[in-house]
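Colleague: Sending over a structure as structure tokens; questions will come in a sec.
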Protein chains: 2
Amino acid sequence: MKETSSFSAHLKANALAVEELLSDLLGPVVGMDEIARPRNLLAAMRHGVLNGGKRLRPFLVSASTALLGGDADAALRIGAALECVHCYSLVHDDLPAMDDDDLRRGQPTVHIAFDEATAILAGDSLLTFAFDIIAAPETPLPDRQKTALILALARASGHGGMAGGQALDLAAEKSAPGEAGIVTLQAMKTGALIRFACEAGAIIADASDEDRRRLRAFGEKIGLAFQLADDLLDLTADAQAMGKATGKDAARGKGTLVALHGQAWAERELEELVAQAENLLQPYGARSAILVETARFIANRRS
Amino acid sequence: MKETSSFSAHLKANALAVEELLSDLLGPVVGMDEIARPRNLLAAMRHGVLNGGKRLRPFLVSASTALLGGDADAALRIGAALECVHCYSLVHDDLPAMDDDDLRRGQPTVHIAFDEATAILAGDSLLTFAFDIIAAPETPLPDRQKTALILALARASGHGGMAGGQALDLAAEKSAPGEAGIVTLQAMKTGALIRFACEAGAIIADASDEDRRRLRAFGEKIGLAFQLADDLLDLTADAQAMGKATGKDAARGKGTLVALHGQAWAERELEELVAQAENLLQPYGARSAILVETARFIANRRS
């Protein structure tokens, strides 16, 4: 299952569009109702979010929106908002009190390039800005859909989702969770935002409840695949390829499903998850090709 | 201008209602779309938000909503959301990398009672939860008003508002700002949320643009008064009365308008601000009595 060049081009083009939009939104011009944009804080926010990531989550928003015939500009803005949430979580996770990482994608992390206080505030501001972007009049969606997106994003990223998952992850360093604990932790820490990315397409397209459930289930499958692939990478990749420290999970004694069941199991499980994800999209026929490729890309990524 | 006992009773009753609602919302029951509520994180969030504050901002939301005939239950929920934002900012401001405070209202701060990582995540989660509360189906408002509230709250609390003000405040420790810089810093750090509290009433009541501008201007005046009173307190109150360290601004060489112009000037200015605030509410006649009392309370508070 080789990544096709057209998929790769699609992914890159979307990432570029997301970066451009975020760079515009985080420009020096003070928006309506804002008092000022402190230069240093803005620079730290830009450092945290304009970092050349793959922008996989925004890509999922755009691809799932396209599948169901929703507005592409709206999807781009929701994707940018989601990326703000994802990047805020990286900025805070990298802090000395959390994972204490100096490097992220080969660059100094925000608290290294700036300072700890600025990194905390930049993360806070990116999180806040995500909801600003969705609610803003520039997002071409009815208020009903905006409210649904804000609620779903808040639930995916708060104490019952991503932030809660990070809390469980910290606890796991002290007391190793069992298999069920690992599954919950991962569903929260990485799964919830990926699920949201797929579900968002259904909300943006104002699709049926059945479509929304299907995209949500698809998001759950690829969220699991993402985490398994990540755990495999943590075992096998070297620091150079990842642009960050690796092998840290093992060093900290953190349990992963790969550690519990072994690499061969994980590789079979990844194939199974991709097949299940594909199967969920069968009703959409050929239109789902790009999402299916995304699922394969996630399972097979090497960085 | 003595605080009347009926005002004090009003303030306390509203604070109790806000605490009850927040305690319910932050209970152990997992909400729709949440995966789990990690016990330790939830306890830290509760520690950060259920701390017996005066709940002045929620009170302003309820009073300004009542002035314009809006729904009281909606106002209570928006007030609770706003308090989550206010309290998240306190949790993060207290962190060692920021103001490094061990005490808040006489109690250990969140990073002391728990740990730094948990305090960061509890703050993040409270901020996220604010938008959850507003967007949730339980908030009895049309989506148009929810979106307007979310946008206004995000702008008031993000890089162009409160968080930006905190960034300026940190910078002020290294290089003292001039008068204009102090005014901007304070308008962002404390003014923006107080202005939002008052403006929120106009949004909840779906009032006219004229009403909204008036409440907003009222909020700006009492925000300035709040900060001046705070600066006066920092100079004069002892740590016991405040339940936290005092005199810290002066010790850090932070500029305040009180330091620039003196105590007598600040006391005259406070009276002037209250008069201007009162004046803005004249069109509402006797109905505005409680907001006028709030303005006086803010200017004269001793803790």
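The values are calculated or read from the model by the stated rules, or taken from the named source; none is laboratory data. Quick caveat: nothing in here was measured; it's all calculated off a predicted structure. Reconstructed Cβ throughout: ideal geometry from the backbone, glycine too, with neighbour counts over all protein chains shown.
Colleague: Looking only at the range A:136-148, decide whether some residue is crowded, with 24+ Cβ neighbours inside 10 Å, aliphatic (A, V, I, L, M) and either within 11 Å of chain B (Cβ to nearest Cβ) or not in a helix (DSSP H, G or I) (or both).
Modeller: No, the range A:136-148 has no match at all.
Colleague: Test B:Leu224 against the stated conditions and say whether it is more than 7 Å from chain A (Cβ to nearest Cβ), crowded, with 21+ Cβ neighbours inside 10 Å and either free of Cβ contacts under 8 Å to residues at least 40 places away in the same chain or part of a helix (DSSP H, G or I) (or both). Steps first, please.
Modeller: Numbers: more than 7 Å from chain A (Cβ to nearest Cβ): yes; crowded, with 21+ Cβ neighbours inside 10 Å: yes; either free of Cβ contacts under 8 Å to residues at least 40 places away in the same chain or part of a helix (DSSP H, G or I) (or both): yes.
In short, yes.
Colleague: Looking at the structure I just gave you, is B:Ala152 facing chain A (nearest Cβ under 7 Å), within 22 Å of B:Ala200 (Cβ to Cβ) and assigned to a helix (DSSP H, G or I)?
Modeller: Working: facing chain A (nearest Cβ under 7 Å): yes; within 22 Å of B:Ala200 (Cβ to Cβ): yes; assigned to a helix (DSSP H, G or I): yes.
Yes: the conditions hold for B:Ala152.
Colleague: For the condition buried (at least 24 other Cβ atoms within 10 Å of the Cβ), in contact (Cβ under 8 Å) with a residue 40 or more places away in the chain and either over 15 Å from the mean Cα position of the chain (by Cα) or within 7 Å of chain B (Cβ to nearest Cβ) (or both), what is the one hit in A:Ala113, A:Ala119?
Modeller: Working: A:Ala113 fails: buried (at least 24 other Cβ atoms within 10 Å of the Cβ).
After ruling out the rest, the residue left standing is A:Ala119.
Colleague: Continuing with this model, one more query. Within the range B:219-248, work out how many residues are at pLDDT 75 or above, among the polar types (S, T, N, Q) and over 30 Å from B:Ile203 (Cβ atoms).
Modeller: First pass over the range B:219-248, keeping only residues at pLDDT 75 or above: B:219-236.
Adding the requirement that they be among the polar types (S, T, N, Q) leaves B:227, B:236.
Now narrow it down to the ones that are over 30 Å from B:Ile203 (Cβ atoms): B:236.
The number of residues fulfilling the criteria is 1.
Colleague: Quick one: would you say B:Ala163 is under 19 Å from B:Gly53 (Cβ atoms) and within 13 Å of chain A (Cβ to nearest Cβ)? Give the derivation first.
Modeller: On the way: under 19 Å from B:Gly53 (Cβ atoms): no; within 13 Å of chain A (Cβ to nearest Cβ): yes.
For B:Ala163, the condition - under 19 Å from B:Gly53 (Cβ atoms) and within 13 Å of chain A (Cβ to nearest Cβ) - is not met.
Colleague: Being within 23 Å of A:Ser8 (Cα to Cα) and in contact (Cβ under 8 Å) with a residue 60 or more places away in the chain is the filter here; which residues of the range A:77-106 pass it? Show your work before the answer.
Modeller: So in the range A:77-106, the residues within 23 Å of A:Ser8 (Cα to Cα) come out as A:77-84, A:86-87, A:104-106.
Residues satisfying the conditions are A:Arg77, A:Ile78, A:Gly79, A:Ala80, A:Ala81, A:Leu82, A:Glu83, A:Cys84, A:His86, A:Arg104, A:Arg105, A:Gly106.
Colleague: Do we find a residue being over 23 Å from B:Lys146 (Cβ atoms) and in a loop (DSSP other than H, G, I, E, B) anywhere in the range B:115-129?
Modeller: Yes, the range B:115-129 contains at least one residue that is over 23 Å from B:Lys146 (Cβ atoms) and in a loop (DSSP other than H, G, I, E, B).
Colleague: Moving on. Could you check the range A:100-114 and list, in sequence order, the residues that are not in a helix (DSSP H, G or I) and not β-branched (Val, Ile, Thr)? Full working, then the answer.
Modeller: Just the residues of the range A:100-114 that are not in a helix (DSSP H, G or I), to begin with: A:100-109, A:114.
Within the range A:100-114, A:Asp100, A:Asp101, A:Asp102, A:Leu103, A:Arg104, A:Arg105, A:Gly106, A:Gln107, A:Pro108, A:Phe114 meet the criteria.
Colleague: May I ask you to verify whether B:Arg37 is of a type in the set (D, E, K, R) and either within 15 Å of the chain's Cα centre (by Cα) or outside any loop (DSSP other than H, G, I, E, B) (or both)? Outline the logic, then answer.
Modeller: Numbers: of a type in the set (D, E, K, R): yes; either within 15 Å of the chain's Cα centre (by Cα) or outside any loop (DSSP other than H, G, I, E, B) (or both): no.
Here the answer is no, as B:Arg37 does not meet what is asked.
Colleague: Next question, about the same structure. Collect the residues in the range A:80-99 that are more than 10 Å from chain B (Cβ to nearest Cβ) and in a loop (DSSP other than H, G, I, E, B), keeping them in residue-number order. Spell out the reasoning first.
Modeller: To start, the set of residues in the range A:80-99 that are more than 10 Å from chain B (Cβ to nearest Cβ) comprises A:80-84, A:86-87, A:90-91, A:94.
A:Asp94, the sole residue that qualifies.
Colleague: Still on this structure, please answer the following. Which ones in the range B:98-114 are out of contact with any Asp or Glu (no Cβ under 9 Å at 6 or more places or on another chain) and within 23 Å of A:Phe114 (Cβ to Cβ)?
Modeller: Hits for the range B:98-114: nothing passes.
Colleague: For the range B:9-44, give me each residue that is more than 8 Å from every other protein chain (Cβ to nearest Cβ), within 30 Å of A:Arg213 (Cα to Cα) and aliphatic (A, V, I, L, M).
Modeller: First pass over the range B:9-44, keeping only residues more than 8 Å from every other protein chain (Cβ to nearest Cβ): B:9-29, B:39, B:43-44.
From what is left, the residues that are within 30 Å of A:Arg213 (Cα to Cα) are B:24-29, B:39.
Residues satisfying the conditions are B:Leu25, B:Leu26, B:Val29.
Colleague: In the set B:Leu42, B:Leu50, B:Leu67, which member is buried (at least 18 other Cβ atoms within 10 Å of the Cβ) and closer than 25 Å to B:Arg105 by Cβ? So that I can check it myself, show each step before the final result.
Modeller: Details: B:Leu50 fails: buried (at least 18 other Cβ atoms within 10 Å of the Cβ); B:Leu67 fails: closer than 25 Å to B:Arg105 by Cβ.
Being buried (at least 18 other Cβ atoms within 10 Å of the Cβ) and closer than 25 Å to B:Arg105 by Cβ holds for just one of B:Leu42, B:Leu50, B:Leu67, which is B:Leu42.
Colleague: So which residues in the range A:170-180 are part of a helix (DSSP H, G or I) and either more than 10 Å from every other protein chain (Cβ to nearest Cβ) or surrounded by fewer than 16 Cβ atoms within 10 Å (Cβ to Cβ) (or both)? Steps first, please.
Modeller: Of all residues in the range A:170-180, those part of a helix (DSSP H, G or I) come to A:170-174, A:179-180.
Passing the criteria: A:Ala172, A:Glu173, A:Lys174, A:Glu179, A:Ala180.
Colleague: Scan the range B:194-208 residue by residue and report those that are surrounded by fewer than 24 Cβ atoms within 10 Å (Cβ to Cβ) and either within 14 Å of A:Asp33 (Cβ to Cβ) or touching a Pro at 6+ places or on another chain (Cβ under 9 Å) (or both).
Modeller: Taking the range B:194-208 and keeping what is surrounded by fewer than 24 Cβ atoms within 10 Å (Cβ to Cβ), we get B:205-208.
The answer is B:Asp206, and nothing else.
Colleague: Report yes if B:Ala163 is of a type in the set (Gly, Ala, Ser), touching a Leu at 6+ places or on another chain (Cβ under 6 Å) and touching a residue at least 60 places away in the same chain (Cβ under 8 Å), otherwise no.
Modeller: Numbers: of a type in the set (Gly, Ala, Ser): yes; touching a Leu at 6+ places or on another chain (Cβ under 6 Å): yes; touching a residue at least 60 places away in the same chain (Cβ under 8 Å): yes.
Against the criterion (of a type in the set (Gly, Ala, Ser), touching a Leu at 6+ places or on another chain (Cβ under 6 Å) and touching a residue at least 60 places away in the same chain (Cβ under 8 Å)), B:Ala163 qualifies.
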